[in-house]
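What follows is one structure encoded as structure tokens, with my remarks underneath.
The values are calculated or read from the model by the stated rules, or taken from the named source; none is laboratory data. Everything numeric here is computed off the predicted structure, so don't read it as measured data. When we count neighbours, we look across all protein chains shown, and the Cβ atoms used for this are built from the backbone with ideal geometry, even at glycine. The protein model used for the area step is the full one, side chains on, heavy atoms only, and it has no ligands, DNA or RNA in it. Shrake-Rupley method; radii C 1.70, N 1.55, O 1.52, S 1.80 Å.
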Amino acid sequence: MPAATILVVDDESLIRWTLSERLSQDGHTVVEAETAKAALARFDADIDLVLLDFKLPDSDGLQVLKTMKARDPDVPVILLTAFSSIETAVEAMKQGAYHYANKPFNLDELAMVVQKALETTRLRREVKALRASRSEPYAIDRIVGSSEPMVRLKALLQKVASSPASTVLLRGESGTGKDLAAKTIHFNSDRASRPFMNITCSALPDALLESELFGHERGAFTDARNQKIGLLESAEGGTVFLDEIGEMVPALQAKLLRFLEEKAFKRVGGAADVRVDVRVIAATNRDLEDAVKTGGFREDLYYRLNVMQITLPTLREHPGDIPLLLNHYIDTFNREFRKSVRGASPEAMALLKAYRWPGNIRELRNAVERAMLLAEADDLTPDLFPVTATRVSTAQTMELPPEGVNLDTLERELVVQALRRTAGNQTKAAALLGLNRDQIRYRIEKFNLEKTS
Ligand SMILES: Nc1ncnc2c1ncn2[C@@H]1O[C@H](COP(=O)(O)OP(=O)(O)OP(=O)(O)O)[C@@H](O)[C@H]1O
Ligand SMILES: [Mg+2]
């Protein structure tokens, strides 16, 4: 047992001396205080435990106990009293005292209580530190961005994390940080010490997705030799992250909706309802409104998910954060690759700021990673960002031919190409052209491209 610093508070010097002698034998450092005032003045972060007299000249022990608990609830306080009264004992425990000892006390017994209290606190502190380090990668501050949309996003994530909201929908283009946001919500909520489970709806065939999510009973289908507990049950008390919810088939959507509304479901092949307490965070980069219109997504589920919806901004909407993100990733990869790159040259920075980043923060991260691997000088130069460079430069050097162009035809042609390249995904096509969804829809209608998309 490592040595601790113990604060002994009593107005009788003989008692202070006796306790001090005994506790020093166990290797502890003892600090003494005669009054409530002196005790509170000395109650600092270095104190591991307090022995507190119930009757003090300037205040009563309960009051001091209350103040100490408010300042640091983890420090155990053992109350000492000359007369035993059940009410005082009960009150002391209610105020968070670790133990209660009557004078005259058996010194060895008291020393043992002290050891036990110290051991408990040590464990509790360890668990806390462990929890903090586990959740730290997902502290809100780890989300890089000081622009207005990002500051708003962080505030919203924090709010949702500590709210009782049981369902959250994250929307945003690919690479905008939906995964990161889901984990941030979980690890900043009071569910942080419970499981965070993650499943990508498009990654599994429908039947498998259902049994992964809801579990199955023995014999539910040919291969079901044993009962299987699904993700929702394993995550009890925690969070389930359903990525790419837009790809879930309608039959499963119905089962999910029932769960969201009633907190109950049946395992595949099961008759009984299973109830669990989990928060469901769903994410999609699909246009759910479109999917509802075309029948691919249930309207009722859409409305249920819509209650708490968070849209992650595209990088185009907060280009001001590009230098910050760039430096963040330069730091990260300096450490990872043992390099000492300082920053980006002004030309490279101009290039990165001008680029439209259809793959958002993920694309930026990958571009910086590649550049850092190749970098040999102190600064990152434009040649290290080839894809970005060519795309920006062609877009910027598109020169008007001597015979002129038909702007309308050119525009139509570019929209058609963008839709073709993205297999008709309007959101992605819009990103390629630097447009938003409404703007591309307007053009699709204007050019009568409905069939093409
Ligand atoms: N604000 C941010 N600060 C720092 N890193 C970020 C930020 N947003 C996203 N990232 C990083 O960008 C990468 C992509 O993010 P993430 O995987 O969360 O995107 P996504 O929206 O889930 O994409 P997809 O739709 O393709 O699944 C990750 O490496 C993530 O850590
Ligand atoms: Mg993702």
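Computed quantities for the displayed model
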{"item": "The chain, accessible area per residue, ligands and nucleic acids excluded (1.4 Å, Å²)", "result": "52"}
{"item": "Chain lengthening between Lys293 and Thr381 when straightened (0.36 nm per residue, less Cα-Cα)", "result": "27.0 nm"}
{"item": "Accessible surface of the chain, 1.4 Å probe, proportion on carbon and sulfur as whole %", "result": "52"}
{"item": "Difference of contour (0.36 nm per residue) and Cα-Cα distance, Ser174 to Asp277", "result": "34.1 nm"}
{"item": "Contour excess over end-to-end distance, with Cα ends at Glu413 and Gln115 and 0.36 nm allotted per residue", "result": "99.4 nm"}
{"item": "The chain: calculated mean residue ellipticity at 222 nm from DSSP helix runs of at least 4, using -39500 (n - 2.57)", "result": "-15000 deg cm²/dmol"}
{"item": "Compactness of the chain as Cα Rg over 2.2 N^0.38 Å, two decimals", "result": "1.39"}
{"item": "Longest exposed-site-free window of the chain, the sites being chymotrypsin sites (Phe, Trp or Tyr not before Pro) in a DSSP loop that have at most 13 other C-beta atoms within 10 Å", "result": "222-453"}
{"item": "Between 0 and 90°, nearest 10: helix 148-162 axis offset from the chain longest Cα axis", "result": "50"}
{"item": "For Asp277, solvent-accessible area (1.4 Å; no DNA, RNA or ligand), Å²", "result": "70"}
{"item": "Using alpha-carbon coordinates, inclination of helix 178-187 to the longest axis of the chain, degrees", "result": "10"}
{"item": "Prolate/oblate/rounded label for segment 111-250 (Cα gyration tensor, a/c 1.5)", "result": "oblate"}
{"item": "Derived scalar couplings ³J(HN,Hα) [segment 273-278; Karplus, 6.51 cos²θ - 1.76 cosθ + 1.60; whole Hz; x for Gly, Pro]", "result": "6, 10, 10, 9, 10, 9"}
{"item": "Acute angle (nearest 10 degrees) that the helix 407-421 long axis makes with the longest principal axis of the chain, alpha-carbon atoms", "result": "60"}
{"item": "For segment 144-215 and segment 433-448, distance of Cα centres in Å", "result": "30"}
{"item": "Distance in nm between pseudo-label sites at Ala423 and Glu261 (7 Å out along the Cβ direction from Cα)", "result": "3.3"}
{"item": "Inter-centroid distance (Cα atoms) of segment 254-308 relative to segment 312-387, Å", "result": "38"}
{"item": "Value of relative contact order over the chain, rounded to a whole percent, pairs C-alpha under 8 Å and six or more apart", "result": "11"}
{"item": "Volume of the Cα convex hull of segment 259-362, divided per residue and given in Å³", "result": "186"}
{"item": "Hz values of 3J(HN,Hα) by residue in segment 17-23 - Karplus curve (6.51, -1.76, 1.60), Gly and Pro given as x", "result": "5, 4, 4, 4, 4, 5, 6"}
